[in-house]
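Visitor: Got a structure for you, questions after.
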Amino acid sequence: MGCAPSPPPSENVHLLGRGGAFAVMQLAKGVMANFRIALIQLHVSAAKTENLNRACGLVRSAAQQGAKLVVLPECFNSPYGTKYFPDYAEKIPGESTQKLSEIAKECGVYLIGGSIPEEDAGKLYNTCTGFGPDGAMITKYRKIHLFDINVPGKIRFQESETLSPGATLSVIETPYCKIGLGICYDLRFAELAQIYTQKGCQLLVYPGAFNLTTGPAHWELLQRGRAVDNQVYVATASPARDEKASYVAWGHSTVVNPWGEVIAKAGTEETVIYADIDLKRLAEVRQQIPILSQKRADLYAIESKFA
């Protein structure tokens, strides 16, 4: 079954140029665009082909429910773990990104393809690709903060044993809003979210796979913090929980609004959750509590080295 046609952006949205010239404009009667986001909490197995097919099927279902932006979880095509990254790593473009391109085009949606292990010039990366409704790849983001932690008696994980960090940020321009992209551990770094906000992003998206130690303590807390500090929407897509996996994901994919309210949240099972991104609400929050214009640039600043 194919995807239902995706309706065009609201007539109340104007798209102006590229880069810094992009803006969602508030027009007649103060109305701004609304659009639906879908987060796919995928059950990930050791079978790459099965993972790809299941992911594409759920993207198709999300589009049929009116989603304009669909997000897959971190490492959606392979088990998450340093011992798996070398075996599952692909070139980009490759098998997985070809599938993502095809399903984005079939369904006419913007698709943030979670992440996959990428091999390039002898190095491995944790890489997220994004695709437009025409199937074209519109971004490639390599996780910049590697997940190296040691909580004695609970969890030790060192992505740097096999992965290399990325060196660029990713801002995605769509007719609906401007999106800043991170992967999992990137969520802990407030500076990244602040830079994206300075660049005009209204939605921050983090495919991620927190675990049973960090998940209950920090997953929702960090999302709400990033949303309130920057007055943006924050969306996180996790793999579904598999108690038999060597790394057990927390699950609980989530969407938080600029007021810090959780407006959509999954449990632990495979599912798709939806939320309506309301840019009028975002503008109201920023007007009521204008922290972005009240920052003391004479006393402090976040420096971006990303052009």
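Visitor: Using a Gaussian network model of the chain whose springs link C-alpha atoms within less than 10 Å, name the residue from 288, 198, 98 with the highest mean-square fluctuation.
Guide: Most flexible of the set in this elastic network: 288.
Visitor: Rounded to the nearest 20 debye, what is the charge dipole size of the range 78-156 about its Cα centre when +1 sits on each Lys and Arg Cβ and -1 on each Asp and Glu Cβ?
Guide: So the magnitude is around 380 debye.
Visitor: Relative contact order for the chain: what is it in percent, counting Cα pairs under 8 Å that are at least 6 residues apart?
Guide: Relative contact order, the chain: 18 percent.
Visitor: Mind checking the full-extension length gain between residue 50 and residue 191? Use 0.36 nm per residue of separation minus the Cα-Cα distance, one decimal, nm.
Guide: Length gained, residue 50 through residue 191: 47.1 nm.
Visitor: Let me ask something additional. GNM, the chain, Cα, under 10 Å: largest mean-square fluctuation among 55, 193, 264?
Guide: Sorting by GNM fluctuation, first place goes to 264.
Visitor: Here's a follow-up. Among the listed pairs 140/280; 99/123; 105/140, which are separated by more than 21 Å between their Cα atoms?
Guide: Pairs exceeding 21 Å: 140/280; 99/123.
Visitor: Still on this model: Please give the calculated 222 nm ellipticity per residue for the chain, where each DSSP H segment of at least 4 residues contributes -39500 (n - 2.57) and the sum is spread over every residue; nearest 500 deg cm²/dmol?
Guide: Value at 222 nm, helices only, nearest 500: -6500 deg cm²/dmol.
Visitor: Separate question: Over all distinct alpha-carbon pairs, what is the Kirkwood Rh of the range 232-307 in angstrom?
Guide: Over the range 232-307, the inverse of the mean reciprocal pair distance is 15.3 Å.
Visitor: Further question: Under 19 Å Cα to Cα from residue 83, which aspartates and glutamates show up? Leave out anything in the same chain fewer than 8 places away.
Guide: 74, 118, 119, 120, 148, 159, 161, 242, 243
Visitor: List the pair-distance distribution P(r) of the chain, using every Cα-Cα distance, as the percent of pairs falling in each 10 Å bin from 0 up to the bin containing the longest distance, rounded to whole percents.
Guide: Binned Cα distances yield the sequence 6, 29, 37, 21, 6, 0.
Visitor: Still on this structure: Which of the DSSP-defined H helices in the chain satisfy a minimum axial length of 20 Å, computed from C-alpha atoms, and a minimum mean Kyte-Doolittle hydropathy of 0.5?
Guide: Both cut-offs are met by no helix.
Visitor: Would you work out the relative contact order for the range 49-199, in percent, from Cα pairs under 8 angstrom that are 6 or more residues apart?
Guide: The value is 18 percent.
Visitor: Given the options 46, 89, 249, which has the most mean-square fluctuation in a GNM of the chain, springs set between C-alpha atoms less than 10 angstrom apart?
Guide: The residue that fluctuates most here is 46.
Visitor: Using 0.36 nm times the number of residues separating residue 102 and residue 87, minus their current alpha carbon distance, what extension gain do you get? Walk me through the numbers on the way to the answer.
Guide: On the way: separation 15, 0.36 × 15 = 5.40 nm, distance 2.40 nm.
Working it through step by step, the gained length comes to 3.0 nm.
Visitor: Could you give the nm distance between label points at residue 34 and residue 296, where each point is 7 Å from its Cα heading toward the beta carbon?
Guide: Label-label distance for residue 34 and residue 296, simple model: 4.0 nm.
Visitor: Rounding to the nearest 20 debye, state how big the charge dipole of the chain is about its Cα centre with +1 on each Lys and Arg Cβ and -1 on each Asp and Glu Cβ.
Guide: Using only the charged Cβ atoms, the result is roughly 500 debye.
Visitor: What is the magnitude of the charge dipole of the range 68-124 about its Cα centre, with +1 placed on the Cβ of each Lys and Arg, -1 on the Cβ of each Asp and Glu, and no other charges, expressed in debye to the nearest 20?
Guide: 160
Every read-out reported here was derived from the displayed coordinates using simple, explicitly stated rules and does not represent laboratory data. Model, not experiment: these values are computed from the prediction. For neighbour counting, all protein chains shown are included, and Cβ atoms are generated from backbone atoms with ideal geometry for every residue, glycine included.
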